[in-house]
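One structure below.
The values are calculated or read from the model by the stated rules, or taken from the named source; none is laboratory data. If you're wondering where the values come from, they're calculated on a predicted model, not measured in any experiment. Quick reminder, even Gly has a Cβ in these numbers, built from the backbone with ideal geometry, and neighbours come from all protein chains shown.
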Amino acid sequence: MKIAIMQFSGTGNTYYISNLLRDFLSTAQSTVDLYPIEKISDPNQIISKCDLLGIGYPIYGSDIPKPVRSLIERFDNFQGKRAFVFCTQLMYSGDGAAYVAKMLIKKGFSVRQLAHFNMPNNLTDYLNFLPGFKPSVKFEKRKRRQAERFAKLILHDRKRLKGMNIFSNVLGLLQRFPFQKFEQSMYDHAIKIEANCIGCGRCVDLCPVDNLTLESGILKENNRCILCYRCINHCPVNALHTSKNHLTKHPYQGPVNGFRIDDVMKEILSERT
Ligand SMILES: Cc1cc2nc3c(=O)[nH]c(=O)nc-3n(C[C@H](O)[C@H](O)[C@H](O)COP(=O)(O)O)c2cc1C
Ligand code: SF4
Ligand code: SF4
């Protein structure tokens, strides 16, 4: 069985879970390819060549990141093709995975498994009163167990539709409705650049939507931000944030020690064998 996982990850949480799933789903009978959504040019070609599709993304106000929405909107109809969906979140999204499942069902997919993975805080300016996350063996073990359980359901094709019920849908809507209402105003010139910027260009390289450019050593914001928080957490001098009132106190460097944020953008990662 050929499995394709398409994932978007702003700060590494979804990428980390995607990798765990890839490891647990790679067996003698199944191969797994992992695709970063920000680099996919022809999703339909990938889907037509796989037997099972996985979609992973972070939750933004019980909603989904813009690149994930526009990717799914480009899908052709794949009647009966099996799919699973997982999202990562800080606390709660209600129907975070079911929301995308419904989009896929409209495109003909047979969605069999949904999962929510609770992960560390990446809103390190806005929620800067929370303590910084420290990677630990205990955390890793917990996430590995959860990913292994989810992978087993997928491999045995056992249905598990987390959040696909009226109660979760209402709770999801309660967050999604205000988020979508104020979404555009939140995105509008979302990134504030402090005077301590050293013009290193790290944020320019990391941004998934080319929102930042360096012009004669001066950083410019191009009003295309999708609030993924990648640049905010990886500026070496904490010069970026979304509001002057919320400075980044404990930048989030990823869920495990030695995590490399550049990896979330790697073109295609094939199974490890
Ligand atoms: C703009 C934004 C909005 C968020 N909204 C929620 C939310 O409504 N509920 C929640 O539990 N987590 C929320 N989070 C937290 C992320 O979903 C969570 O940290 C996720 O694991 C980040 O994944 P990533 O590292 O792959 O980008 C939000 C994060 C961002 C950046
Ligand atoms: S990463 Fe930080 S210091 Fe480097 S260009 Fe961006 S804002 Fe400036
Ligand atoms: S500007 Fe920063 S937060 Fe906005 S999309 Fe680019 S990397 Fe993400």
Do we have any residue at all in the stretch 221-236 that's among the polar types (S, T, N, Q) and more than 14 Å from ligand 3 (Cβ to nearest atom)?
-> no
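Which of the residues belonging to the stretch 171-197 are charged (D, E, K, R) and in contact (Cβ under 8 Å) with a residue 24 or more places away in the chain?
Arg176, Glu183, Asp188, Lys192, Glu194
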Would it be correct to say that Glu140 is farther than 14 Å from Ala97 by Cα, assigned to a helix (DSSP H, G or I) and outside the structural domain of Ser18 (by TED's automatic domain parsing)?
-> no
The stretch 98-132 - residue that is within 16 Å of ligand 3 (Cβ to nearest atom) and touching a residue at least 60 places away in the same chain (Cβ under 8 Å) and, of those, surrounded by the fewest Cβ atoms within 10 Å (Cβ to Cβ) = Asn128
For the stretch 48-66, indicate whether the set of residues that are within 16 Å of ligand 2 (Cβ to nearest atom), closer than 26 Å to Arg260 by Cβ and among the β-branched types (Val, Ile, Thr) is non-empty.
-> no
Hey, could you check the stretch 7-37 for residues that are in contact with a Pro (Cβ under 7 Å, 6 or more places away or on another chain) and more than 16 Å from ligand 2 (Cβ to nearest atom) and say which is farthest from Gln253 (Cα to Cα)?
-> Ile37
Can you tell me which residue among Gly54, Gly12 is touching a Phe, Trp or Tyr at 6+ places or on another chain (Cβ under 6 Å) and on the phi > 0 side of the Ramachandran plot?
-> Gly12
Considering only residues of the stretch 240-252 that are crowded, with 21+ Cβ neighbours inside 10 Å and modelled with pLDDT of 90 or more, which is nearest to Ile218 (Cα to Cα)?
-> Leu240
Report yes if Tyr126 is in contact with a His (Cβ under 6 Å, 6 or more places away or on another chain), of a type in the set (Phe, Trp, Tyr) and either assigned by TED's automatic domain parsing to the domain that holds Tyr229 or under 17 Å from Pro58 (Cβ atoms) (or both), otherwise no.
-> yes
What number of residues within the stretch 198-219 are within 16 Å of ligand 1 (Cβ to nearest atom), free of Cβ contacts under 8 Å to residues at least 60 places away in the same chain and within 17 Å of Ile261 (Cα to Cα)?
-> 3
